[in-house]
Amino acid sequence: MKFRDVPGRVATGTYILHSGIQKWSGDEERAAQVHGFASGAFPNLKQIPPTQFLKILSVSEMALGVALLSPVTSGPVAGAALCGFSGSLLALYWKTDALHEPGSPWPTQAGTAISKDVWMFGIGAGLVLGGLFSGGRRSKRKG
């Protein structure tokens, strides 16, 4: 783990881990709410029972949070996982018309909370690109 990546990884990792822990103990009402929101954007999720969906989401969030917080997970791997997670949230945002202005990426008041996940995508992309373009490359001086 590169020192410069620590703030982004700790901020996102802690937040996502906490979110997963909170979902783990979610009741049936919470499960139905989260499942209904997700399946509205991704209809194929309707075939998963709401409580099972919430557990899967919970475990996924906890695993991602731990991966981001773990110094043994490389930046590019953690970043790719974070891009996948935040990318799915941004897809949910875009597929839910009530969350953004018609034909625009700008959020409605209801969509502001999810639209902010674009920052997580940016942190993930930075981790991937940082690993691809800064590892082992050093300028060589002649003479």
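None of the figures in this text is laboratory data; all of them are computed from the coordinates on show. From a predicted model like this one, the values you see are computed outputs, not experimental measurements. Positions of Cβ are generated from backbone atoms using ideal geometry, with glycine treated the same way; all protein chains shown enter the neighbour counts.
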Among the listed residues Gly103, Gly79, Gly65, which satisfies the condition of being surrounded by fewer than 16 Cβ atoms within 10 Å (Cβ to Cβ) and either of a type in the set (Gly, Ala, Ser) or under 18 Å from Gly130 (Cβ atoms) (or both)? Gly103
Considering segment 77-133 alone, what residues qualify as being more than 11 Å from the chain's Cα centre (by Cα), part of a loop (DSSP other than H, G, I, E, B) and in contact (Cβ under 8 Å) with a residue 12 or more places away in the chain? Thr96
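Yes or no, residue by residue, for (1) touching a residue at least 60 places away in the same chain (Cβ under 8 Å); (2) loosely packed, with under 14 Cβ neighbours inside 10 Å; (3) touching a Ser or Thr at 6+ places or on another chain (Cβ under 9 Å); (4) of a type outside the set (S, T, N, Q):
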| site | (1), (2), (3), (4) |
| --- | --- |
| Arg9 | yes, no, yes, yes |
| Thr12 | yes, no, yes, no |
| Ser19 | no, no, yes, no |
| Gly26 | no, no, yes, yes |
Test of understanding: among Ser58, Ser39, Ser74, which residue is surrounded by 15 or more Cβ atoms within 10 Å (Cβ to Cβ) and under 16 Å from the mean Cα position of the chain (by Cα)? Ser58
Taking the stated definitions as given, is Glu29 closer than 27 Å to Val128 by Cα and of a type in the set (D, E, K, R)? no
